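Enquirer: After the structure tokens below, expect a handful of questions from me.
Just so it is clear, none of the values below were taken in a lab; they were calculated from the coordinates. All values derive from a computational prediction rather than experimental measurement. Note: ideal-geometry Cβ built from the backbone for every residue, glycine included; neighbour counts use all protein chains shown.
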Amino acid sequence: KVRSMLDISFPPKEEDTSNGVAPKLGVEASIEHELKYRVSANNTDARPVKLYQSVAWSVHDRLVDAFDQTQAYWKEKDPKHIYYLSAEFLMGRTLTNAVNNLDLGGEYAEALKKYGADLETVATGELDAALGNGGLGRLAACFLDSMASLDLPGWGYGIRYRYGMFKQGVKDGLQVELPDYWLDNGNPWEIRRPETQFKVGFYGSLEDGKWVPGEEVIAEAYDVPIPGYKTKTCGNLRLWDALAPEEFDLEAFNAGDYSKAVEQKRRADGITAVLYPNDATEEGKELRLKQQFFFVSASLQDTIARYLEQHKDLAGLPDKACFQMNDTHPTIAVAELMRLLIDEHGLSYDDAWAITTKCVAYTNHTVMPEALEKWPVRVLAKLLPRHMQLIEQINSNWLDSITGHVTAKVEAELAASDAEKQKKAAAAAEERKAALVAAEAKGEEALAAAKKVVSEEEAAEEKPADKATLVEEKLKTYSIIQENQWTKGEMLVNMAYLAVVGSFAVNGVAAIHSEIIKTDIFPHFVEIFPERFQNKTNGVTLRRWLAYCNPELSALITEALGTDEWVRDATLLAKLKPFAEDAAFRARWREVKQQKKKALAERIREQTGYQVSTEPMYDIHVKRIHEYKRQYMNAISLIHRYKVLKEMTPEQRAKAVPRVVVFGGKAASAYYMAKKIVALILSIGETVNNDPEIGDLLKVVFLPNYNVSEAELIIPAAEISQHISTAGTEASGTSNMKFALNGALIIGTLDGANIEIGENTGFENLFIFGVKADEINKLREDRKNFSDYDPRYTAALQMVSSGVFGRPEYFEDLVASITDMNRGNDWFLLANDFASYMDAQDAIDELYRDQEEWTRRSIIYTASNGFFSSDRTIDQYAREIWNVQPTPQP
Ligand code: H2P
């Protein structure tokens, strides 16, 4: 008898059903095992990266145990799950986080002594998983940590980009984009699931109402276990890779057509290659939509398949699943869930709609129009014809459902203006009548002339508005499908509107932002369903962003509070407040900061070659490079600072407050102005840092390739951090929270979460400047006649234009963008805010002279901002939107 694979019993019949090697071997033995068998390095040639790999694999096995147990437990208990759909997850490194969340820090430290290594150093062997742009992707990663730590049944769903976004380099003073080969050394943190695959279709046509895709790819799952903090719970991030149904066409190959032989594979590879392919081209746009649909479709199919393993009736799906759409990127989920329910599972449109609108919720993360996606109907109809048809139906039902409301609104408006109009019309008619009587008295000719005038006047008289037309016009403003305001005739699908109509909850990410989306972005939707709109102020995980990235400060906090419970319950940080008044404690607090500054100085030397002292104030500005975030305004202020320092006498210089100013952030590859801002900062650094007269008084550093790991080094070293977006533009910001928790003071505008940080910390402890959000529209209007330029500002720009920092022609349009009425006209109001920004900078210098007061405030910041733990945010989502309950294992 030929034995088949099916004869093998699985799981093994013996009493030991533990998974693999981990539980049998202690930490030390398991590292040794991995070193020898998995990475195949004997102890003598164990290079650091191999040691990292073995440690990672050893942790992996322990994670898998926690993962399997949690998932089995949840399957048995069958609680409602939250599925966080996100095009981005900026995970960073995993090792330190996993070891500490599993509470194995001590054991690993001990085991590593044998190799003369510590966990911190070994951890640097890991490449960052940088599957995100900035705050939005990092927020998703923090949320996963909090969900697991709160024992909430939750999975993230996203894309396994093979090259992340891009690796930022600097060449000849400019940003260059290089592929980020983050998977090069293998990835111990993921589990490939070849058994979990779904087909995802694109293109094709509708035949008898049924979609026949013209192209198909296979989505294959990779699971990334997400360990909660000191709990048995281990959640999951499921990332999809794209495979070709036929990877290799042997027939074409044999016929000599090599490129056709791998054509399908090439196309599938393209979908999961990089995050946000350059969307300046039509192909790029289509590819991005393809990515979105690819991961959304696979995730929904996967969830439904799992649901149906345990349940028969899809009507119960909303009791078991909630899909949170992270910004508009996954919004096609609304149409795809409808399609799956109707076309694949035979539900009626109405039943499908009832389920969809109970399962889907939407978070808006930005008011920037470029990020509120609108897809041309043409592109959608070509790539996803069935979805376009469904969106049309959703839209027409939606408009039908509100026609009554809109008609009533129009009638009310008409009624209000009617009374006024009737009065005017009656007066005019009286006048005309009188004119005719007067003319008649003058004879035939005069009467004829007067009649002519009267009939002309009557013809010109404002006709009462046609109600039907008004209703039609107004309905357009609610429509999901709209005409492109720039390209007449082109129709667009407004994905944010689709998201609002298809969701049962819509939230912004900070108090001010949640108001702005109600008043500026979706006011007409608020009229229809006011209860749908909520606020969930962002948060960050205190594990990664305080406990692990700043172990020195954490130790001090734990010592002061007499417990490390604050890592789980951030409200306990408030108990630090009295320590701000304790001079000895302040001295120790400063010592820690000094240590972290030293580490950053070392990194700066490594990455840029600049030697910076650890004595000056460390002033940090790190985030995506964008005009609204105004790194440019900071750069201009630094030019002014440089000029002032140059003009000082040696005596004056001796009294100046020295600063090291560090910038970091990527400019999107197609974002022309952002790249010029990077170049300007680099050029200023080049001039200032090499000016012997300036020395340690000012250093301007651009640290390339800002990512999670760099942030973990930079944030603990910061003394002041900059969050200076034009009021009303930054939805929340999350690095402001990380800086505050690490005791960095904030200079910022009344924008995003700065406001709530101010409320918690006391505004008197922040350096707040600038115009307010509700003044912006008027100020933008007034810019047409703006002339009130601060002379310091003008002089600084003059220095750029005259070539003090090199390449004046290259910077010409950057300068024009904030000075020229016709070329940008300073949309983000740098000129309006510059003077108050400089005042705030002066106040910072002044306070820094008083180190005791500075440190006192620093402690107050840490003590005041426990509110910004993502555990609090996620707890609110779970209660107020998801209705998902903690399900810890006994
Ligand atoms: C965005 C917003 C931030 C917000 C973050 C998370 C899109 O991130 O602009 O204000 O805090 O989402 O909600 P970012 O700009 O950092 O990429």
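Enquirer: Please express the shape of the stretch 718-777 as an equivalent ellipsoid: the semi-axes are the square roots of 5 times the eigenvalues of the C-alpha gyration tensor, given largest first in whole angstrom. Display every interim value, and only then the final one.
Expert: Numbers: eigenvalues 71, 24, 18 Å².
Values for the stretch 718-777, descending: 19, 11, 10 Å.
Enquirer: Something else about it: Pull up the cross-link candidates among the lysines for K113, meaning alpha carbon to alpha carbon under 19 Å and not fewer than 8 places away within one chain.
Expert: K36, K50
Enquirer: How do Y672, Y628 rank when sorted from fewest to most other Cβ atoms within 10 Å of their own Cβ?
Expert: Details: Y672 12, Y628 17.
Listing Y672, Y628 from fewest to most nearby Cβ atoms yields Y672, Y628.
Enquirer: Also: If we sort 340-351, 529-540, 59-70 on the protection proxy, mean other Cβ atoms within 10 Å, highest first, what's the order? Write down the numbers at each step before the final one.
Expert: Details: 340-351: 14.8, 529-540: 19.3, 59-70: 21.2.
In decreasing order of mean packing, 340-351, 529-540, 59-70 become 59-70, 529-540, 340-351.
Enquirer: In addition: Restricting to Cα pairs below 8 Å that are 6+ residues apart, what does the relative contact order work out to for the chain? Please round to a whole percent.
Expert: Numbers: 1494 pairs, mean separation 116.1, N = 890.
Relative contact order, the chain: 13 percent.
Enquirer: Ordered by packing density, taken as the mean number of other Cβ atoms within 10 Å over each peptide's residues, highest first, how do 555-566, 142-153, 263-274, 509-520 rank? Each step should come with its number before you reach the end.
Expert: Numbers: 555-566: 16.2, 142-153: 26.2, 263-274: 18.1, 509-520: 19.9.
The peptides rank, most packed first, as 142-153, 509-520, 263-274, 555-566.
Enquirer: Please arrange M799, M338 by how many other C-beta atoms lie within 10 Å of their C-beta, fewest to most. Kindly include the intermediate steps, with their values, before the conclusion.
Expert: Details: M799 19, M338 24.
The order, fewest Cβ neighbours first, is M799, M338.
Enquirer: Now for a separate question. Trypsin sites (Lys or Arg not before Pro) within the stretch 111-159: which are DSSP loop residues with at most 12 other Cβ atoms inside 10 Å? Mind dumping the intermediate values first?
Expert: Working: sites: K113, K114, R138; in loops: K114.
Answer by residue number: K114.
Enquirer: Let me ask something else about it. May I ask you to list the chymotrypsin sites (Phe, Trp or Tyr not before Pro) in the stretch 160-198 that are in a DSSP loop and have at most 16 other Cβ atoms within 10 Å of their Cβ? If you can, show how the numbers build up before the last one.
Expert: Numbers: sites: Y161, Y163, F166, Y181, W182, W189, F198; in loops: Y161, Y163, F166, Y181, W182, W189.
When the chymotrypsin sites (Phe, Trp or Tyr not before Pro) of the stretch 160-198 are filtered for loop state and at most 16 Cβ neighbours within 10 Å, Y181 remain.
Enquirer: So which chymotrypsin sites (Phe, Trp or Tyr not before Pro) in the stretch 423-521 are both in a DSSP loop and have at most 14 other Cβ atoms within 10 Å of their Cβ? Present the calculation step by step, with values, prior to reporting the outcome.
Expert: Numbers: sites: Y478, W486, Y497, F504; in loops: Y478, W486, F504.
The qualifying sites are W486.
Enquirer: Could the peptides 591-604, 647-660 be put in order, highest first, of the mean number of other beta-carbon atoms found within 10 Å of their residues? Can you show the working numbers first?
Expert: Working: 591-604: 18.0, 647-660: 13.4.
Answer by packing, highest mean first, reads 591-604, 647-660.
Enquirer: What are the lysines whose alpha-carbon lies under 23 Å from the alpha-carbon of K784, with same-chain residues fewer than 8 places away excluded?
Expert: K629, K772
Enquirer: Provide the FRET efficiency to the nearest 0.05 for the L447-K577 pair, computing r from the beta carbons and using R0 = 51 Å. Please report the intermediate quantities before stating the final value.
Expert: Details: r = 91 Å, r/R0 = 1.78.
It comes to 0.05.
Enquirer: Hey, another quick one. Specify the inter-centroid distance of the stretch 308-333 and the stretch 451-529, based on alpha-carbon positions, in whole Å.
Expert: Computed from Cα coordinates, the inter-centre distance equals 30 Å.
Enquirer: Give me D for the chain in µm² s⁻¹, whole number, from Stokes-Einstein with Rh from the Kirkwood sum over alpha-carbon pairs, 37 °C and 0.692 mPa s. If you can, show how the numbers build up before the last one.
Expert: Values: Rh = 30.3 Å.
Stokes-Einstein gives a translational diffusion coefficient of 108 µm²/s.
Enquirer: Tally Lys and Arg at +1 and Asp and Glu at -1 over the other residues with C-beta under 11 Å from the C-beta of S455: what net charge comes out?
Expert: On the way: positive: R432, K451, K452; negative: E456, E457, E458, E461.
Cβ neighbours under 11 Å give a net charge of -1.
Enquirer: Let me ask something else. Can you compute the modelled spin-label distance between K77 and D208, with each label point 7 Å from Cα toward Cβ, in nm?
Expert: My value for the distance between the label points is 4.7 nm.
Enquirer: Additional query: Kirkwood Rh, Cα Rg: Rg to Rh for the stretch 613-868?
Expert: 0.94
Enquirer: Karplus couplings for the stretch 739-753 from phi (6.51 cos²θ - 1.76 cosθ + 1.60, θ = phi - 60°), rounded to Hz, Gly and Pro as x?
Expert: With coefficients 6.51, -1.76 and 1.60, one gets 4, 4, 5, 8, x, 8, 6, 10, 10, x, 8, 7, 9, x, 6 Hz.
Enquirer: Rounded to the nearest 500 deg cm²/dmol, what is the calculated helix-only ellipticity per residue at 222 nm for the chain, with -39500 (n - 2.57) per DSSP H run of length n ≥ 4?
Expert: Numbers: 34 runs with 426 residues, N = 890.
My calculation for the chain gives -15000 deg cm²/dmol from helical runs alone.
Enquirer: So for the stretch 154-278, considering every pair of alpha-carbon atoms, how many percent are separated by more than 21 Å?
Expert: On the way: 4441 of 7750 pairs.
Result: 57 percent of Cα pairs exceed 21 Å.
Enquirer: So for the chain: antiparallel DSSP bridges make up what percent, rounded to the nearest 5? Intermediate results must be reported in sequence, preceding the final value.
Expert: Working: 36 of 80 bridges.
Roughly 45 percent of the DSSP beta bridges within the chain come out antiparallel.
Enquirer: Roughly how big is the chain's charge dipole about its Cα centre, with Cβ charges of +1 (Lys, Arg) and -1 (Asp, Glu), in debye to the nearest 20? If you can, show how the numbers build up before the last one.
Expert: Values: 102 positive and 133 negative charges, 256 e Å.
Taking the Cα centre of the chain as origin, the dipole is about 1220 debye.
Enquirer: Please arrange F663, F295, F867 by how many other C-beta atoms lie within 10 Å of their C-beta, fewest to most.
Expert: On the way: F663 26, F295 29, F867 19.
Ordered by Cβ neighbours within 10 Å, fewest first: F867, F663, F295.
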